[in-house]
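Quick notes on the structure that follows.
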Amino acid sequence: MKMSPNIMRHTFRPLAMVLAITFSLNACAQSPATPDGSSAAQATDNSRPKNVIFLMGDGMGYAQVKAYRIFADDPAKAGMDPLPFDGILVGAVATDPLSPHCDSDLDRLGCEYSPYEVTDSASSATAYATGRDTVNGKISEGHDGERFSTVLELAAQQGMGTGVVSTSQVTHATPAAFVSHASSRRNYPEIADQFFDSQANGKPVAQVILGGGTRDFRREDRDVAAELVDKAGYTLVEDRAAMMSADSDRLLGLFAPIGLPRHWDRPDTVPTLAEMTRKAIDVLSRDEDGFFLMVEGSQVDWAAHGNDIAGVVSEMEGFTQAIEVALDFAREKGDTLVVITADHETGGLSLGRDHVYAWLPGPLREVNVTPAVMAEQFLAGEKPLSDVVAGSVDFELTEEERQSLDQAERESSAVFAAINELIDLRTNTGWTTGGHTGMDVPLYATGPGSEDLAGVMQNEALGRFLIDAVQR
Ligand SMILES: [Zn+2]
């Protein structure tokens, strides 16, 4: 169900910006954080966090953030309402992966450093999870198959609470990179197996696992969910009510076969990202050793791949509400580091197009379900597409718009594109690609240690910072 765009507002004290030489733009060394105290976080030991919450908006560039800020603004009030995380912007992340040609001797230099490649989610998540650079497609492995240990594994080995929460299947690239290792992000069954097989202190490394992915966990050849329940004491929950009432230190929540429905399209049986985040924090904060939690707003990226601005805003809304949960907890406790960023930008999203100097959020506030659902409803029924769309939005379609919708070929990608084009033209939204772009992404942080983040960092340097933050 779509929520009103009103969101709670928060203000933050300005953060001291300390130049952290350790994390300069050229910090592209391949070694993980060392325990010898070389990091800025350890240099300020009294500001060491007890808990670390890392939130990632997959595909969330500056344009995705700004689109949501304008969408969420109350037009009846003067001035622009800030987003709950606007006040903690500390810098930017350059997410360059290794060159895809780095196995070849001829391209060995490209393997060392490749600012000209555009990352995928696997490579960028690997950089954040392990502090190491890799090629696209790898899950916490090097281009040559070297296994990189992850911040979540390190936290688990030290007895901390650990969790991953996502709106994708939890076997998808970002959560996978914190929990597992694979030569290809597409090896979903192999990744699911590691949610049981990868253990620290006799227990699976991820204590709380919430998202989609029943298809990968409950297979004919192996039921990883049953093993987690029967052999490792997890409680399995498969709907929102069961998750809310679960009272277990080890929790597996699988709410969809693959990805969860979009935030605006979600039935009441599926928890929001904010509710999953709240639950994960409730469980993990019982641990006196502190915890590491990764939360992903996974489908900002999926919507942007489809050049679907309504979907992007829907997913930014769900992700922002999850960020508020994390920030509320951090503010209350004072001992929790919250870091928010993205793995890359998706879509080359542009606010304004065709020489028109305006981006108009109004029509998005009148869209009741995302275009993917409208397309599904059209393909499953008898009504013309123009009637299906007219029934899903609160504005009147023009005759021209009706005609262009009804000319779309009766095929899902053509139908989806026709609806998106209508919304793009009404809002002046532009796109340059259906893939990722190499733009730097925003970096937000607050809490103990956050004063060491400033300027433009490489993503693997931020990964080393996270590893340092959980060193005990
Ligand atoms: Zn993507």
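The values are calculated or read from the model by the stated rules, or taken from the named source; none is laboratory data. Note that the coordinates shown come from a computational prediction; the quantities given were computed from them, not determined experimentally. Cβ placement follows ideal geometry from the backbone for every residue including glycine, while neighbour counts extend to all protein chains displayed.
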Hey, any hits in segment 343-351 for a residue that's touching a residue at least 24 places away in the same chain (Cβ under 8 Å), in contact with a strand residue (DSSP E or B) (Cβ under 7 Å, 6 or more places away or on another chain) and β-branched (Val, Ile, Thr)?
yes
Filtering segment 247-258 down to residues that are of a type in the set (A, V, I, L, M, F, W, C) and touching a Leu at 6+ places or on another chain (Cβ under 9 Å) yields 251, 252, 254, 255
Could you identify the single residue in 171, 126, 119 that is over 26 Å from residue 336 (Cβ atoms), at pLDDT 95 or above and not in a strand (DSSP E or B)?
171
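Does residue 129 meet the test of being within 17 Å of the chain's Cα centre (by Cα) and either farther than 22 Å from residue 52 by Cβ or within 16 Å of the ligand (Cβ to nearest atom) (or both)?
Working: within 17 Å of the chain's Cα centre (by Cα): yes; either farther than 22 Å from residue 52 by Cβ or within 16 Å of the ligand (Cβ to nearest atom) (or both): no.
So residue 129 fails the test.
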Where residue 456 falls short, out of the listed (1) part of a helix (DSSP H, G or I); (2) assigned by TED's automatic domain parsing to the domain that holds residue 95
(1)
Given the condition over 30 Å from residue 376 (Cβ atoms) and in a helix (DSSP H, G or I), answer yes or no: does some residue in segment 196-214 qualify?
yes
Taking only segment 183-227 into account, find how many residues are surrounded by 22 or more Cβ atoms within 10 Å (Cβ to Cβ), over 27 Å from residue 241 (Cβ atoms) and out of contact with any His (no Cβ under 9 Å at 6 or more places or on another chain).
1
Identify the residue in segment 266-293 that is touching a strand residue (DSSP E or B) at 6+ places or on another chain (Cβ under 8 Å) and of a type in the set (Asp, Glu) and, among all such residues, is surrounded by the fewest Cβ atoms within 10 Å (Cβ to Cβ).
289
Restrict the check to segment 447-455 and report whether at least one residue is surrounded by fewer than 19 Cβ atoms within 10 Å (Cβ to Cβ) and of a type outside the set (D, E, K, R).
yes
So which residues in segment 425-441 are more than 14 Å from the ligand (Cβ to nearest atom), closer than 17 Å to residue 302 by Cα and not in a strand (DSSP E or B)?
432
Boolean, residue 373 is in the same structural domain as residue 290 (by TED's automatic domain parsing), away from the ligand (no atom under 16 Å from the Cβ) and either on the phi < 0 side of the Ramachandran plot or touching a strand residue (DSSP E or B) at 6+ places or on another chain (Cβ under 9 Å) (or both):
no
Write out, first by first residue and then by second, each pair whose Cβ atoms fall under 9 Å of each other, whose residues are 6+ apart or on separate chains, and whose first residue, in segment 422-442, is within 13 Å of residue 343 (Cα to Cα) and touching a residue at least 40 places away in the same chain (Cβ under 8 Å) while the second is part of a helix (DSSP H, G or I) and β-branched (Val, Ile, Thr).
442/65
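Quick grid of which residues meet (1) part of a helix (DSSP H, G or I); (2) surrounded by 24 or more Cβ atoms within 10 Å (Cβ to Cβ); (3) among the aromatic types (Phe, Trp, Tyr):
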{"residue": "376", "(1), (2), (3)": "yes, no, no"}
{"residue": "379", "(1), (2), (3)": "yes, no, no"}
{"residue": "402", "(1), (2), (3)": "yes, no, no"}
{"residue": "408", "(1), (2), (3)": "no, no, no"}
{"residue": "460", "(1), (2), (3)": "yes, yes, no"}
{"residue": "464", "(1), (2), (3)": "yes, yes, no"}
Restricting to segment 334-350, count the residues that are more than 16 Å from the ligand (Cβ to nearest atom) and touching a helix residue (DSSP H, G or I) at 6+ places or on another chain (Cβ under 8 Å).
6
Answer yes if at least one residue in segment 323-341 is under 17 Å from residue 168 (Cβ atoms) and in contact with a Ser or Thr (Cβ under 8 Å, 6 or more places away or on another chain), and no otherwise.
no
